[in-house]
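The values are calculated or read from the model by the stated rules, or taken from the named source; none is laboratory data. None of these values were measured; they are calculated from a predicted model. We place every Cβ from the backbone using ideal geometry, glycine too, and count neighbours over all the protein chains shown.
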Amino acid sequence: MRKVENEEEQKEAEEVKTISSFINATLPSNAPPGDQLADEKLLPEFESLLLSGEMDDDFPLPENKYDVFEPSDDAPEVERLRRLVKELEERLGRLEGELLVYYALEEDFTDLQKQLRKKTEEVEMLNTTIRSLREEAAAGAAAAAKELEVLRSKNEELQIQLDAGATSGWTTPW
């Protein structure tokens, strides 16, 4: 009986050493001593867990579980995900193409807006020119009408003088 207890204690001690070696392997060896976790702070907690047997129930040690490759039935899921990735990549390509078209259209729109502003300015300038020409024409027409009226009245005066001279016997040289 004592022999069995001794063997169990030896197994537990070996487990503690194994766990300690795993923990020590994870600690950086070149770090300053203040940065490393001290074994006396860490090991008593593991020892109490191992000795009480709580750790065996909660955290069973794997037995070559990671060495064995088990084919899984995830092949359909993997294939579905591959198709989904391919579909998303195609969609991304289409969206990138649409985005390029959108940027080109946006650039064209900006250019057309600039051309519209330029043409609007030209139209406003031409309308201003037309208004000023109309005003000049109206002023010219008014001046011409006044001049015509002056010339008509002069013509009438001359006609009256001519008629008056013809009755008095005066002849014109031409």
Note to self: Can you go through 120, 167 and tell me which one is surrounded by fewer than 10 Cβ atoms within 10 Å (Cβ to Cβ) and either under 45 Å from the mean Cα position of the chain (by Cα) or free of Cβ contacts under 8 Å to residues at least 60 places away in the same chain (or both)?
What the structure shows: 167
Note to self: Among the residues that make up the stretch 91-105, is at least one of them at pLDDT 95 or above and among the acidic types (Asp, Glu)?
What the structure shows: yes
